[in-house]
Amino acid sequence: MFIINNSRKPRQKQDAYLELIRVAEFTLGYAKRALPILAEYKPTSEEFFEFEGLVAELNHYIPMVNTVIYQARERIIEKREVPASKKIVSLFEPETDIISKGKRDTVFGHKLLLASGKSSLILQLTTLDGNPADSTLVEKLLDNHKSVYQVAPEQMALDGCFGSAKN
């Protein structure tokens, strides 16, 4: 991962990705081979819940890791685009969104719409799906405010990205 994140040479980066894919496939093989062995095991009553949790985790993560490996092969080896909506960027929080901040940066997480009052008290917090343009969110922000407080705010200050002719 260090080489992938810091390499400026495309070939070096691709080789590091291929090694990462190889290690992921190797590890995934262990997990897949463990399932039939675990199916034969009869846990004691003390082990039962921990054992069932382990099996459930393997059944949860194996298909996700398969998908991640497939996506990595598509992007790195086959040089094909994988749509952002189809990508898994976090095994531990699969609903994580890819948020592009123009040409500046790409971050992972969730986009939030936040409104506060003069006192800095948070009056509204909405977790958004995906990465909608800020300029499309003003009406939603105002509608939410009016539905909760039965009145429109007297003043608003917005980041420049919220600007549009309509807004």
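Structure notes:
- Scan of segment 37-83 for residues that are in a loop (DSSP other than H, G, I, E, B) and surrounded by 12 or more Cβ atoms within 10 Å (Cβ to Cβ), ordered by number: P43, E47, V82
- Residue match in segment 84-91 (condition: assigned to a helix (DSSP H, G or I) and under 30 Å from K166 (Cα atoms)): yes
- The residues of segment 148-160 that are within 31 Å of the chain's Cα centre (by Cα) and under 12 Å from L123 (Cβ atoms), listed by number, are V148, M156.
- Pairs with Cβ under 8 Å, 6+ apart, first in segment 142-164 and basic (K, R), second at pLDDT 85 or above: K146/A152
- Residue match in segment 109-131 (condition: within 17 Å of K166 (Cα to Cα), part of a loop (DSSP other than H, G, I, E, B), out of contact with any strand residue (DSSP E or B) (no Cβ under 6 Å at 6 or more places or on another chain) and not aromatic (F, W, Y)): no
- Taking each residue of segment 35-64 that is free of Cβ contacts under 8 Å to residues at least 12 places away in the same chain and looking for partners that are of a type in the set (F, W, Y) and in a helix (DSSP H, G or I) with beta-carbon atoms closer than 7 Å, six or more apart or interchain, yields P43/F51.
- Residue check, V148 exposed (fewer than 14 other Cβ atoms within 10 Å of the Cβ) and assigned to a helix (DSSP H, G or I): yes
- The set of residues in segment 112-135 that are surrounded by 13 or more Cβ atoms within 10 Å (Cβ to Cβ) and of a type outside the set (A, V, I, L, M, F, W, C) comprises Q124, T126, N131, D134, S135.
The values are calculated or read from the model by the stated rules, or taken from the named source; none is laboratory data. Nothing here was measured: the structure is a model prediction, and the numbers come from that model. All Cβ positions, glycine included, derive from the backbone under ideal geometry; neighbour counts span all protein chains shown.
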